[in-house]
Amino acid sequence: MTIAIIIIAVLVVVLVGVAVVRTRTRARAQLPVPVAPLPEVLVETEAPRPSLEEPGSLRQRLATSRGVFDRLRSITGDTLSSEQRDVVEEVLLRSDIGVATTKAVLDQIDAGIPLGVAGEVRRVLLEFLDRDRDVRIVGDPGRVPVWLFVGVNGVGKTTTIGKLAQLHADEGRHVVLAAGDTFRAAAAEQLAQWAERANADIVRAAEGADPGSVIHDALGRAAARRADIVLADTAGRRANNSNLLDELRKVRRVADREPGQVVETLLVLDATTGQNALSQAREFLAAAEVTGIVLTKLDGTARGGIVVAIERELGIPVKYVGVGERVEDLRVFEPEAFVDSLLAT
């Protein structure tokens with residue numbers, strides 16, 4: 001009897017304890033949970049909106065140069081104040097269009113801007129870029145067409161040749177590469193790698209060998225194997241080196257002898273050097289009889305206006321532009337697409 005009473009008492013105590021705990025838990029659950037105060041500013045800088053432009057498009061590749069023209073695009077109306085005219089002048093000069101070409105643009109828009117500032121600048125730039133830029137890929141009957149490449153070291157000359165070799169190969173042509181820059185050992189090695197990728201033949205010689213002999217041997221191989229085109233590299237020391245310019249004249253004479261025929265001489269320039277590229281071009285023009293310009297690294301500079309300066313001041317068409325590392329980033333230059341990409345019109 002005593003044991004039963006003890007057990008009942010213990011159960012009562014346990015049940016009372018459980019009830020007390022549940023009551024306290026409910027009371028705590030009903031208390032408001034403290035909340036930390038919100039900061040006055042949640043985001044200090046707004047994240048940039050994702051670009052709607054197609055990845056790899058010319059407009060995207062020229063984003064740096066296009067940014068220079070932002071202020072010009074913001075000018076609206078059909079009249080131009082002196083302050084706005086100063087803005088246009090500053091924008092054009094910053095884009096490296098050059099003093100002479102900038103003055104020519106301003107003279108035209110001073111006469112009126114019925115299309116608006118951006119529209120008139122677009123019209124004038126396209127007038128300056130209106131020239132024939134076809135490339136010749138066929139020689140006279142019985143002659144092997146040769147594309148001769150000139151330019152100083154570091155502008156991307158050898159890489160440009162490699163990319164064009166791939167582009168020609170993709171179009172079904174049998175290509176022979178001539179490693180005529182025998183003064184830079186790495187040039188021949190680099191060209192050999194491109195030849196392997198493009199399944200092209202390559203003729204090379206020991207470092208310091210006569211560049212003319214390399215071109216001559218390449219022409220012989222091209223004729224024997226019925227190749228469609230020869231792409232010939234040349235030395236790239238400084239343009240104002242008289243020995244180099246004399247050497248270029250000699251190389252061109254060799255390349256233009258039967259069975260070869262020089263149908264294009266392409267001067268490769270680095271767009272990031274701006275007006276310096278224009279100076280280099282002047283040095284090469286007479287010695288190499290340049291027929292066209294390849295402007296590399298255009299995606300890495302705000303100086304896109306150098307295209308217009310080169311064409312207007314030298315009268316030589318830009319035929320290809322490089323806007324990236326991939327083979328397809330070496331593109332045929334199309335003036336309308338280029339100007340519209342700069343002005344976002």
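Side notes on the structure shown:
- Where Arg221 falls short, out of the listed (1) surrounded by fewer than 19 Cβ atoms within 10 Å (Cβ to Cβ); (2) under 21 Å from Leu164 (Cβ atoms); (3) modelled with pLDDT under 95: (3)
- Residue check for Asn243: closer than 18 Å to Thr102 by Cβ and free of Cβ contacts under 8 Å to residues at least 24 places away in the same chain: no
- Residues of the stretch 116-163 that are aliphatic (A, V, I, L, M) and farther than 18 Å from Leu269 by Cβ: Val117, Ala118, Val121, Val124, Leu125, Leu126, Ile137, Val138, Val144, Val146.
- Any chance Val230 is touching a Lys or Arg at 6+ places or on another chain (Cβ under 6 Å) and modelled with pLDDT of 95 or more: no
- Looking across Leu342, Leu285, one residue alone is within 22 Å of Leu72 (Cα to Cα) and either within 14 Å of the chain's Cα centre (by Cα) or outside the structural domain of Val68 (by TED's automatic domain parsing) (or both). It is Leu342.
- Considering the stretch 81-118, and only residues there that are among the hydroxyl-bearing types (Ser, Thr, Tyr) and part of a helix (DSSP H, G or I), the residue that is surrounded by the fewest Cβ atoms within 10 Å (Cβ to Cβ) turns out to be Ser82.
- Counted residues, the stretch 286-307 - those being part of a helix (DSSP H, G or I) and surrounded by 17 or more Cβ atoms within 10 Å (Cβ to Cβ): 6
- Evaluation of Gly156 against the conditions (1) within 17 Å of Leu343 (Cα to Cα); (2) out of contact with any helix residue (DSSP H, G or I) (no Cβ under 7 Å at 6 or more places or on another chain); (3) surrounded by 12 or more Cβ atoms within 10 Å (Cβ to Cβ) shows that the sole unmet condition is (1).
- Within the stretch 243-255, being modelled with pLDDT of 90 or more, crowded, with 19+ Cβ neighbours inside 10 Å and out of contact with any Gly (no Cβ under 7 Å at 6 or more places or on another chain) holds for Arg252, Ala255.
The values are calculated or read from the model by the stated rules, or taken from the named source; none is laboratory data. Keep in mind that this is a model prediction, so the values were computed, not measured. FYI the Cβ positions are ideal-geometry reconstructions off the backbone, even for glycines, and counts take in every protein chain you see.
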